[in-house]
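The values are calculated or read from the model by the stated rules, or taken from the named source; none is laboratory data. Note that the structure is a prediction, hence the values are computed from the model and not measured. All Cβ positions, even for glycine, are placed from backbone atoms using ideal geometry, and neighbour counts span all protein chains on display.
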Amino acid sequence: MPRPPQRLAGRIWVGSVTVLIAFIAYSSQIFIIWPWYGREFSFELVQLLLPFNLLVAFLYWNYFLCVYTDPGTIPRDWEPNPTSEEGFELKTLTGTPRFCRHCERYKPPRAHHCRKCKRCVLRMDHHCPWVDNCVGHYNYAHFLRFLWAVDVACSYHVAMISYRVWYAILYPYWEPSGFELAFIVANYVTCLPVLVAVGVFSLYHFYCLFTNTTTVEGWEKDKVTTLVRRGKITEVSFPYNLGLIENVRAVFGGSPLLWCWPKHPVPGDGLKFSVAPGTDESEQYAWPPKDPMREREKQTKHELPSSPWTFGNGDVNPALRPTSSKLRTANVPPYHPSYRGPRHRDGWRDEEDEDYVEEEEEEEEVQQKPGLRMRRGSEGWEATMPDRWAQLQIESAVNKES
Ligand SMILES: [Zn+2]
Ligand SMILES: [Zn+2]
C-alpha cells in the first residue's frame, strides 16, 4: 500500500539516513576489512562478510518498507455501528464515540491524529522523523524488524572492527596504515552512538511488542495509573494484553516461521482488535478511561471574573492554594497568568490526547514553583513551607539587639 507524497525536508532526512547506513556498512568493508585480508577474495573473507551483507540487505529492505508503507488511515465511510451490540456498549461506556475534528471522522480504537501527517493513523505508535512516516498498523512490524536489523548489524560491525584493532594490538606487524586508522575511528564514531541510541529505543519497543502496547498507550497507561492513585477511577486493566505469544502474533502474524519475512501481511484491518481473554470486546472502545472530573469541567462553561485584576478562579491567597486536581485542570481564560496557550506534543495532537499532555506539563510547573509544597494525590489544602533559614536570621538579629 503506497503512502501519500512526502515533503522535501523529509526526503532529505531519509536520504541522509540512507547515506549514513551506507557509510557504516560499506566504508568498513572497503577501507578496513578488504586491505586487512590482503585485497584478495578468500573463503575466510566471504565467511566474515556474507552474514554482514545479508544483515545490511535485510536492514535496507525493512527501512524501505517502513518509509514507503502507508501505516493506514480511517476509511471515509467508517463509523461505529450504533445498532450493533458493540455500538450499544459504546454508548453506555463512553457516552460519545471518539471523533477527530481535524479529519471529521469517527476514530476506531487505537487510532490517533498525527499533526505531521495531517490525518488519523490506525493503531498509531508515533511519528518517526527518521523514516519520515508515522509508525502505525501496517508498518509497525517493518519498523520492529528494522530496529532489530540495526541492533544486530551494528553489533556485528563493531565486533568486526574491534577484531581488526585487537589483531593490530596482538601483532604489531599488522598495524593499520594512517588511512585505515582514520576509517576505523570514523566507523566507531558513527556506529557506536547509533548502536547505543537504537539499542535503548529497541528495548522499549520490544517491551511494547511483548505487552501489545503502543507508545501512545504507554502514556495513557501512565495517566490511568495516576487517576487510580488519586482515587478518581477504579483499577482498569489494559484491554489489549493477550499474553506474550499472542501479543507478538498480533503484530507479526500467526506463523512464527514468517515473523522475519517482511512481505508477510499484517493481521487485522486496524479498525478492531482482539482483546484479552475474559475481557469484553466493547472495552476497547472505553480505553483510555477518562478523568470524570475533567469531563464534568469540559461541560461547564468558564465565567469571566468581574475585574481583570482579581486572582483567577477567585483565589484569595496565592500562597494558600488547593493541591486538588481541580487546580491543575482548571480551564483558564487567555489573559490568566496560568494560561499556557494551545498544548501540543510533537507529532500528534488530538482533542482527547491533549488531556494528559496538559496534565504532565502542569505537574512539572507545580514542581518547579519554589516554596510550594505539593503532596501528590492529596485533595486537601496546604500552606507554603516556612523559610527556616530566614526565620533563624531574624531570631539571631533580635537576640543580638537584646
Ligand atoms: Zn484525524
Ligand atoms: Zn505522522
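Quick notes
- Taken over the stretch 26-77, the criterion of being assigned to a loop (DSSP other than H, G, I, E, B) and small (Gly, Ala, Ser) is satisfied by Gly38, Ser42, Gly72.
- Conditions (1) surrounded by fewer than 23 Cβ atoms within 10 Å (Cβ to Cβ); (2) within 10 Å of ligand 2 (Cβ to nearest atom); number of the one not met by Tyr106: (2)
- Any hit, the stretch 147-163, residues being within 16 Å of ligand 1 (Cβ to nearest atom) and either touching a Pro at 6+ places or on another chain (Cβ under 8 Å) or not in a helix (DSSP H, G or I) (or both): no
- Scanning the stretch 165-186 for residues that are assigned to a helix (DSSP H, G or I) and either in contact with a His (Cβ under 8 Å, 6 or more places away or on another chain) or closer than 15 Å to Ser28 by Cα (or both) yields Val165, Gly178, Phe179, Glu180, Leu181, Ala182, Phe183, Ile184, Val185, Ala186.
- Check on Pro256, modelled with pLDDT under 95, in the same structural domain as Ile33 (by TED's automatic domain parsing) and buried (at least 16 other Cβ atoms within 10 Å of the Cβ): no
- Pairs with Cβ under 6 Å, 6+ apart, first in the stretch 212-233 and in the same structural domain as Asn247 (by TED's automatic domain parsing), second polar (S, T, N, Q) and part of a loop (DSSP other than H, G, I, E, B): Asn212/Asn241
- Top-ranked residue of the stretch 97-117 - restricted to ones that are in a strand (DSSP E or B) and either of a type in the set (Asp, Glu) or touching a His at 6+ places or on another chain (Cβ under 9 Å) (or both), ranked as farthest from ligand 1 (Cβ to nearest atom): Cys114
- Only listed residue being out of contact with any Ser or Thr (no Cβ under 6 Å at 6 or more places or on another chain) and either within 12 Å of ligand 2 (Cβ to nearest atom) or closer than 23 Å to Lys263 by Cα (or both), chosen from Arg101, Arg123: Arg123
- Selection within the stretch 42-76 - among the β-branched types (Val, Ile, Thr) and without any contact (Cβ under 8 Å) to a residue 40 or more places away in the chain: Val46
- One residue from Cys134, Cys120 being surrounded by 14 or more Cβ atoms within 10 Å (Cβ to Cβ), in a strand (DSSP E or B), in the same structural domain as Ile74 (by TED's automatic domain parsing) and free of Cβ contacts under 8 Å to residues at least 60 places away in the same chain: Cys120
Condition check ((1) part of a loop (DSSP other than H, G, I, E, B); (2) under 19 Å from Glu281 (Cβ atoms); (3) within 17 Å of the chain's Cα centre (by Cα); (4) of a type in the set (Phe, Trp, Tyr)) across all residues:
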residue: Glu217; (1), (2), (3), (4): no, yes, yes, no
residue: Ile233; (1), (2), (3), (4): yes, no, no, no
residue: Val236; (1), (2), (3), (4): yes, yes, no, no
residue: Pro239; (1), (2), (3), (4): yes, yes, no, no
residue: Val248; (1), (2), (3), (4): no, no, no, no
